[in-house]
Structures are given as C-alpha cells and as structure tokens.
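Right, one structure below, let's go through it.
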Amino acid sequence: MDNDKLDGTKKSHIQIGQWVEIVEKRNQQSGETTEGQVRRILTKSSHHPHGIKVMLTTGEVGRVKEILED
C-alpha cells in the first residue's frame, strides 16, 4: 500500500458521504467487497486494525477496506 493512499483503518480518513469499499461480516471469509456511500461511522475509536466500521446509505454495515477517489 502506498503512503499517499487514504487508510480505511483510520477514522480521521473517513467522512460522511464518502465513497468506500467495505467488507460485510458475512463476506469476511470470501473477502467480497460492497461499494457505497458512508451514512454513519460506527467505530468509536480513532483506529481499528481491520478497518473502521461504517453504515452505507443503503443500510449495509461493514469495515472499510478501501476509500475510493471522488
């Protein structure tokens, strides 16, 4: 991972309305990602090693794997 890429494990890099790829709990084994727009940030701490947990505008909940470009 290159250093200038936004990191999904840091809460400060994630904002409401941002487009992200998440892995839902049911897809953790397969690693299948879901793309969407952040509605809520659910993780309380500033950092999480597996990705910050968010809710998308579609209602799906998962951990951020990648922050997509605008």
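Checking the structure you have, find out if any residue of the range 14-30 is on the phi > 0 side of the Ramachandran plot and surrounded by 15 or more Cβ atoms within 10 Å (Cβ to Cβ).
Here is the first cut: in the range 14-30, the residues on the phi > 0 side of the Ramachandran plot are 17.
With surrounded by 15 or more Cβ atoms within 10 Å (Cβ to Cβ) added as a condition, the list becomes none.
No, the conditions are met nowhere in the range 14-30.
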What do you reckon, is THR9 of a type in the set (S, T, N, Q), buried (at least 16 other Cβ atoms within 10 Å of the Cβ) and under 16 Å from GLU69 (Cα atoms)?
-> no
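Only the coordinates and a few stated rules stand behind these numbers; no lab work does. Just so we're clear, the structure is a prediction, and the values are computed from it rather than from any experiment. Every residue, glycine among them, receives a Cβ derived from its backbone with ideal geometry; neighbour counts consider all protein chains shown.
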